[in-house]
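The values are calculated or read from the model by the stated rules, or taken from the named source; none is laboratory data. Please read all numbers here as calculations on a predicted model, not as lab measurements. Positions of Cβ are backbone-derived with ideal geometry, glycine not excepted, and every protein chain shown enters the neighbour counts. In case anyone asks, the SASA skips ligands and DNA or RNA and just uses the protein heavy atoms, side chains included. Shrake-Rupley method; radii C 1.70, N 1.55, O 1.52, S 1.80 Å.
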Amino acid sequence: MSTTTNVPYRLEFAVEVPGTPEQVWEAIATAKGMSAWFTPTQLEEREGGSLHFTMGPEMGSDGQVTGWDPPRRLVYEEDWAALMGKDPDTLSPLTSEFVVEARSGGTCVVRVTSSGFGTGADWEQEWWDTLAPGWLPFFDNLRTYLAHFAGQRATHLEVSASHPGDVASLWSAVRAALGLTDEGATVELHGTTGTVERIGDRHALLRLTGPVPGMLNVVVYGEGEGLPAGAAMATLRAYLFSADAADYARREEPVWREWLDGLTVSP
């Protein structure tokens, strides 16, 4: 008996970013570019090319480029069933389309559409409900990358730590420890200084100014996002842009990890 895959899911949004269409295309349609604001990416830059997003230790998403029209339109497909440990034959591919439209004044609008068909299972709707809040903050990264670091290659530094308690308590602890007060505020983490670019309900984006320039995402996750009830996780994810960034990342990673592990979280 075959499964009927006829329940549509769709996410659409648009972001305005600085840069020419060619600069934006390099950021959204190359391995070097996507790795500099999203997640470490492998990409064969052609129609039919393979695609891999690294999403954590032993975790990732494989896909294929199905539309390639530089510098205007990129389409790729991923197997979202496999991401959730489900039978791939029960779902259509997850299709993502990026369309770049030039605007006057040196900016572009990037229109993003993600769509797929499922069976209507509860877990499918839950997955789509978390797609936008998990993905949209990365487009603040894209905007900041194009404004300050366009064309540069990123070195990654990422640490995570789980703590007992809920998301709100952990986010409050992280905000207080980092001094995340208002957008535009200056913060410091063990000698690393930066400016708050964006603060959300449980995430923040900092533009790092020294000793290594870059961007830092601060994110808190909770129950229903791969964590059991009564636990929350904080992640610091940095994109660093300088010749000595790799040395800095190797030296500072254990320092950042110790700091995150040692947070005091009040219920």
*Across segment 89-105, which residue is farthest from Leu51 (Cα to Cα) among those that are open to solvent by less than 50 Å² (accessible area, probe 1.4 Å) and either among the polar types (S, T, N, Q) or at pLDDT below 95 (or both)?*
Thr90
*For residues that are crowded, with 19+ Cβ neighbours inside 10 Å and hydrophobic (A, V, I, L, M, F, W, C), scanning just segment 162-173, find the one that is farthest from the chain's Cα centre (by Cα).*
Ala173
*Being acidic (Asp, Glu), modelled with pLDDT of 95 or more and buried (at least 16 other Cβ atoms within 10 Å of the Cβ), is that true of even one residue in segment 62-84?*
yes
*Confirm whether Thr144 is touching a Pro at 6+ places or on another chain (Cβ under 7 Å) and open to solvent by less than 60 Å² (accessible area, probe 1.4 Å).*
no
*Identify, by number, the condition in (1) open to solvent by 30 Å² or more (accessible area, probe 1.4 Å); (2) modelled with pLDDT of 95 or more that Gly134 doesn't meet.*
(2)
*Got a number for residues in segment 30-73 being in contact (Cβ under 8 Å) with a residue 12 or more places away in the chain, part of a loop (DSSP other than H, G, I, E, B) and within 17 Å of the chain's Cα centre (by Cα)?*
6
*So which of Ala81, Ala27 is touching a residue at least 60 places away in the same chain (Cβ under 8 Å), of a type in the set (A, V, I, L, M, F, W, C) and part of a helix (DSSP H, G or I)?*
Ala27
*asked:* Within segment 26-52, take every residue that is open to solvent by 20 Å² or more (accessible area, probe 1.4 Å) and hydrophobic (A, V, I, L, M, F, W, C) and give me the one that is nearest to Glu78 (Cα to Cα).
replied: Leu43
_Which numbered condition in (1) under 30 Å from Met233 (Cβ atoms); (2) touching a Cys at 6+ places or on another chain (Cβ under 8 Å) is the only one that Pro21 fails?_
(1)
*Search segment 177-200 for residues that are touching a residue at least 60 places away in the same chain (Cβ under 8 Å) and more than 18 Å from Leu260 (Cβ to Cβ) and pair each with any residue that is of a type outside the set (A, V, I, L, M) and open to solvent by 50 Å² or more (accessible area, probe 1.4 Å) when their beta-carbon atoms are under 8 Å apart and the residues are at least 6 apart or on different chains.*
Arg198/Glu183
